[in-house]
Amino acid sequence: QVQLVESGGGLVQTGGSLRLSCEASGGTFSTYGMGWFRQAPGKERMFVAAITPRGSNAWYSDSVKGRFTISRDNAKSTVSLEMNSLKPEDTAVYYCGGGWERFYHAPAEYDFWGSGTQVTVSS
């Protein structure tokens, strides 16, 4: 069974940057499509970014396109999310997920999740 552990969240001012990391253990990391989602209080878990198993393709939500970058290091079993030009509306718990095969934007497509890391952007 794959376990995911996120790190790198915190408090940052508007316009600042953070880098989230997600480390996997168990399974064969290089075969899994990976993604990041976020969930604000009282709202649904929303797609942020996804990346194919070998890292050849990546997709982003319109709200983060051009500001966030997803990447992975299969040798280290990690997937990262570089977040720049942060806005207060980016405040949420960020979750790393994996195992999607076709529909990277749908939480139900993911087989395993981390427990999340809080990102707070102050105005």
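Points worth noting:
- Assuming charge only on the beta carbon of Lys and Arg (+1) and of Asp and Glu (-1), the dipole of region 1-96 about its Cα centre is about 100 debye to the nearest 20.
- On a per residue basis, the chain carries 53 Å² of accessible surface, using protein heavy atoms and a 1.4 Å probe.
- Relative contact order (%) - the chain, alpha-carbon pairs under 8 angstrom, separation at least six: 35 percent
- Set of lysines with alpha-carbon distance to Lys65 below 18 Å, sequence-local pairs under 8 removed: Lys87
- With every protein chain in place, the chain: carbon and sulfur % of accessible area (1.4 Å): 46 percent
- Given their separation in residues at 0.36 nm each and the Cα-Cα distance between them, Lys43 and Phe103 gain 19.5 nm when the chain is fully extended.
- If R0 is taken as 30 Å, the Cβ-Cβ distance between Ser17 and Asp111 corresponds to a FRET efficiency of 0.50.
The values are calculated or read from the model by the stated rules, or taken from the named source; none is laboratory data. Note that the structure is predicted; figures quoted are calculated from it, not measured. Cβ sites come from the backbone with ideal geometry, for glycine too, and all protein chains shown count toward neighbours. Side chains are part of the model used for accessible areas, which takes the heavy atoms of the whole protein and leaves out ligands, DNA and RNA. Shrake-Rupley method; radii C 1.70, N 1.55, O 1.52, S 1.80 Å.
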